[in-house]
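Peer 1: Structure below; questions to follow.
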Amino acid sequence: MVEFSNDSLGDIRSRAAREPDWREQSRTLLDLARLQPESRENLIAGVAQAALRLCHAGAAGVSLPERINGEPCFRWHAVAGCFAALQGQTIPAADCPCAATLEAAQPLLFTALLRDFPALAVPCEGVQEALIVPVVREGIKVGALWVASVSDTCRFGPEDERILLDLAQVAGASLEMASARETSRQETRHYSEVIAVLAHEFRNPLGPLENSLEGLSRLTGAQTAQRQLLNIAQRQVQHLKRLMDELQDAARLDHDKLTLNIAEVRLDDVISDALASVREHMSAHRHALEVGPIDAMRFAGDPVRLVQIVSNLLSNAARYTPDGGTIALSVARREDPQGPRLEVVVRDNGIGIDSDSLPRVFEPFSQFAGGRAHQEGGLGIGLGISRKLAQLHDGTLTLSSEGIGRGTVAALSLPLRPPPLAGEAQRGAAERAPVPASHVLIVDDSEDARVALAALLDMDGHHVKTAESGAHALELLAGWTPDLALVDLDMPGMDGLELARRLHAHPERARVTLIALSGRVSEGERQAALDAGFDAHLAKPVDMDRLGALLASAGRALRAPRAGS
């Protein structure tokens with residue numbers, strides 16, 4: 001048991017909370033996402049640097065427990081700031097505030113650190129206070145994330161605690177993923193599951209961040225300086241969401257679970273949406289974009305996935321083409337003995353691909369260009385996912401290059417098949433219809449998630465109540481019946497699945513449309529929600545357009561068919 005003076009613990013809730021810097025936090029999350037393919041050491045070093053920067057601390061670090069000669073201790077695995085020289089050193093657990101934090105299983109603010117832990121007096125000289133939070137994975141305390149103040153002007157508050165708790169989630173998921181990767185490269189199934197967990201952990205803080213930015217955007221004038229900053233932050237959040245989607249798809253790819261939703265595809269819509277996703281990036285780098293004639297042909301395919309493929313090809317071309325270069329997109333209909341085919345070709349005059357790297361461009365986490373490509377993001381998994389999506393369409397995706405400095409040609413070839421019967425147009429029109437005001441209940445243990453989503457729905461004219469737990473939700477529902485309830489699946493105590501079962505046990509509550517919210521987007525998670533009585537499953541961050549469609553149809557049965565039915 002670690003001994004220290006409880007009267008020296010600060011009450012962080014009594015301190016004033018500074019305004020969140022959403023722009024900086026979104027940039028930091030994006031930087032951490034880029035580190036995921038790297039080593040365990042680089043991952044936790046990135047978390048320490050993020051804590052130092054976001055909390056304006058003098059020092060920050062990640063300390064992990066271990067045993068030396070059978071005795072428990074903590075090792076400073078990553079240290080940023082003024083105590084960087086401590087990295088790699090150890091301290092007995094009895095002399096370490098991180099051990100006290102893990103025993104308490106909650107964040108602790110130490111306001112007299114050097115008095116209570118004299119073993120730190122020399123190595124940590126000058127510390128004014130320290131805020132430490134546990135790093136927990138699957139209920140196991142695996143380490144501690146901390147920030148320290150070495151200035152009279154630096155005092156930590158509730159916003160710093162919130163930031164550290166979010167970063168601790170990322171650190172825990174990152175440690176688990178890195179450990180799995182370094183233990184056995186052969187365990188691909190376990191590896192892909194960890195990637196899915198990592199994407200889930202990023203989605204939790206990303207939801208309230210995105211909704212808060214959207215709320216601020218609605219309250220900010222169109223021509224103000226704040227609007228420009230908000231637009232930057234929103235674009236970066238969208239970039240981060242795309243990275244998270246790639247991670248989820250990478251997990252599905254390993255399990256051969258990538259699927260298509262076949263509908264009618266309009267080629268001009270696919271090309272238009274794909275161009276819109278990269279036009280700003282190309283403009284920033286003064287790329288000349290040449291687009292050939294686009295036929296408004298219609299055929300069978302998954303429009304969302306086809307946009308994803310073409311966007312990835314354009315994005316790669318932009319990433320590997322120097323400023324001022326040229327990118328050309330062309331489409332053509334080709335006749336084939338097996339039937340007509342569509343060919344979409346993206347050409348660039350960028351850095352090209354050497355012959356040794358060309359066979360590996362579709363491998364996971366392939367980064368074959370270096371330089372600016374690494375700085376501008378991308379996990380190196382988009383091409384592999386895009387090729388699999390092309391194959392699911394019975395098509396092909398190929399890349400060719402004549403060598404370094406001679407550009408790259410990406411060619412997507414798809415069979416042109418008749419579109420399915422009409423019906424999508426009417427459904428799309430219904431989803432775009434004005435949404436009447438509804439009574440909505442939000443159930444989520446994350447206060448940030450509740451407040452941000454409730455604010456957006458309130459701005460849209462809905463009447464919203466929130467609950468921080470399943471038990472609280474049942475209390476509210478005892479005297480009030482909403483039209484729709486948004487329920488987080490991953491709450492402590494009574495989780496979302498149990499809450500849904502209890503609600504369906506009461507006939508008077510049967511008319512409430514139940515929507516499951518989760519950072520996990522596997523088919524198993526979705527099916528478990530439907531089996532528990534939910535009418536639909538939405539991934540975090542919530543797609544507000546999809547939520548609007550569900551609100552518009554809250555009075556109708558939304559139960560999705562079982563997989564395979």
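Every read-out reported here was derived from the displayed coordinates using simple, explicitly stated rules and does not represent laboratory data. Since we're looking at a predicted model, the values are computed, not measured. Neighbour counts are summed over all protein chains in view; Cβ atoms, including those assigned to glycine, are modelled from backbone coordinates with ideal geometry.
Peer 1: What are the equivalent ellipsoid semi-axes of segment 286-350, built from the alpha-carbon gyration tensor (square roots of five times its eigenvalues), in whole angstrom, biggest first?
Peer 2: Listed largest to smallest, the semi-axes of segment 286-350 are 25, 13, 10 Å.
Peer 1: Give me the net charge of H77's neighbourhood, meaning all other residues with Cβ under 9 Å from the Cβ of H77; Lys, Arg count +1, Asp, Glu -1. Could you put the intermediate results ahead of the total?
Peer 2: Numbers: positive: R40, R75; negative: E41.
Within the 9 Å Cβ shell, the charges total +1.
Peer 1: Another question about this same structure. Starting from 0.36 nm per residue, how many nanometres of slack lie between R18 and R298 once their C-alpha separation is accounted for? Spell out each step's value before the answer.
Peer 2: Working: separation 280, 0.36 × 280 = 100.80 nm, distance 5.27 nm.
Extra length available between R18 and R298 comes to 95.5 nm.
Peer 1: Give the calculated FRET efficiency between D543 and A437 to the nearest 0.05, with a Förster radius of 22 Å applied to their Cβ-Cβ distance.
Peer 2: Details: r = 20 Å, r/R0 = 0.92.
The pair D543/A437 has a calculated efficiency of 0.65.
Peer 1: Also: For H472 and L9, FRET efficiency with R0 = 30 Å and r from the beta-carbon atoms, rounded to 0.05? The partial results should precede the final answer.
Peer 2: Values: r = 28 Å, r/R0 = 0.94.
FRET efficiency, L9 to H472: 0.60.
Peer 1: Kirkwood hydrodynamic radius, computed over distinct alpha-carbon pairs, for segment 248-340: how many Å, to one decimal?
Peer 2: Hydrodynamic radius (Kirkwood, Cα only) of segment 248-340 equals 14.9 Å.
Peer 1: Could you give the length gained by full extension between T398 and R501, i.e. 0.36 nm per residue of separation minus their alpha carbon distance, to one decimal place?
Peer 2: Between T398 and R501, full extension yields an extra 32.2 nm.
Peer 1: Considering just Cα atoms, how many Å³ per residue does the convex hull of segment 85-159 enclose? Mind showing how you got there, number by number?
Peer 2: Numbers: hull volume 8.0 nm³, N = 75.
Each residue corresponds to 107 Å³ of Cα convex hull volume.
Peer 1: How high is the FRET efficiency between M459 and S330 when r is their beta carbon distance and R₀ equals 35 Å, given to the nearest 0.05? Spell out each step's value before the answer.
Peer 2: Values: r = 43 Å, r/R0 = 1.23.
Efficiency, from the Cβ-Cβ distance: 0.25.
Peer 1: Calculate, in nm to one decimal, what E290 and N69 gain on full extension: separation in residues at 0.36 nm each, minus their alpha carbon distance.
Peer 2: Stretched fully, the E290-N69 segment lengthens by 72.9 nm.
Peer 1: Expressed as a whole percent, how much of the Cα-Cα distance distribution for segment 433-552 exceeds 18 Å?
Peer 2: Beyond 18 Å sits 45 percent of the P(r) for segment 433-552.
Peer 1: Note down the nm distance, to one decimal, between modelled labels 7 Å out along Cα→Cβ at T220 and at E343.
Peer 2: Distance between label points: 4.6 nm.
Peer 1: How large is log10 I(q)/I(0) at q = 0.10, 0.18, 0.21 Å⁻¹ when the Debye formula is applied to the Cα atoms of segment 15-166, each weighted equally and without solvent?
Peer 2: Result of the Debye calculation: -0.32, -1.10, -1.51.
Peer 1: Rounded, prolate or oblate, given the Cα gyration tensor of segment 6-104, with a/c below 1.5 counting as rounded?
Peer 2: oblate
Peer 1: Rank these for me by crowding, I132, I91, going from fewest to most other beta carbons within 10 Å. Provide the component values of the computation, followed by the final result.
Peer 2: On the way: I132 27, I91 21.
Neighbour counts put them in this order, fewest first: I91, I132.
Peer 1: Please state, rounded to one decimal and in Å, the Kirkwood hydrodynamic radius that segment 263-415 gives when every pair of distinct Cα atoms enters the mean of 1/r.
Peer 2: Computed over Cα pairs of segment 263-415, the Kirkwood hydrodynamic radius comes out at 15.6 Å.
Peer 1: Using the basic label-point model (7 angstrom from Cα toward the beta carbon), what is the D95 to R40 distance in nanometres?
Peer 2: Label at D95, label at R40, 2.5 nm between them.
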